[in-house]
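Please read the structure below before turning to the comments.
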Amino acid sequence: MMERGVIDRFEDETAVIEVDGTTRDFPRASLPNEAKVGDVVVIDNGEIRLDRQDTSKRNSEINRLMDELFE
């Protein structure tokens, strides 16, 4: 089953990923080395990969909303 999530934070060797409004813990070693907080990930049968396109769209939307808020 394929799921999408966002990396919420790292706690030692654990990656905390928000999936459908709840957080789940994954071994940090199961993520790509370049993974960082805020990245969108795809979780597919235990494999976790980055979705750079979705991460970029998400960051652009957050920046747009912040610009509107602080105008």
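The values are calculated or read from the model by the stated rules, or taken from the named source; none is laboratory data. This structure is a prediction, so every number in the text was calculated from the model and none was measured. Cβ sites come from the backbone with ideal geometry, for glycine too, and all protein chains shown count toward neighbours. Just so you know, the surface numbers come from the protein's heavy atoms only, side chains and all, with ligands and any DNA or RNA stripped out. Shrake-Rupley method; radii C 1.70, N 1.55, O 1.52, S 1.80 Å.
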Single match in ILE17, ILE7, ILE48, ILE43 (criterion: at pLDDT 95 or above, touching a Leu at 6+ places or on another chain (Cβ under 6 Å) and not basic (Lys, Arg)): ILE48
Within the range 12-33, which residues are assigned to a strand (DSSP E or B), within 14 Å of GLU47 (Cα to Cα) and charged (D, E, K, R)? ASP25
Reported set for the range 14-71 where residues are β-branched (Val, Ile, Thr), open to solvent by less than 80 Å² (accessible area, probe 1.4 Å) and more than 14 Å from ARG4 (Cα to Cα) is THR14, ILE62
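Given the residues ARG49, ARG58, ARG9, which is the only one that is touching a residue at least 12 places away in the same chain (Cβ under 8 Å), touching a strand residue (DSSP E or B) at 6+ places or on another chain (Cβ under 8 Å) and part of a helix (DSSP H, G or I)?
ARG58
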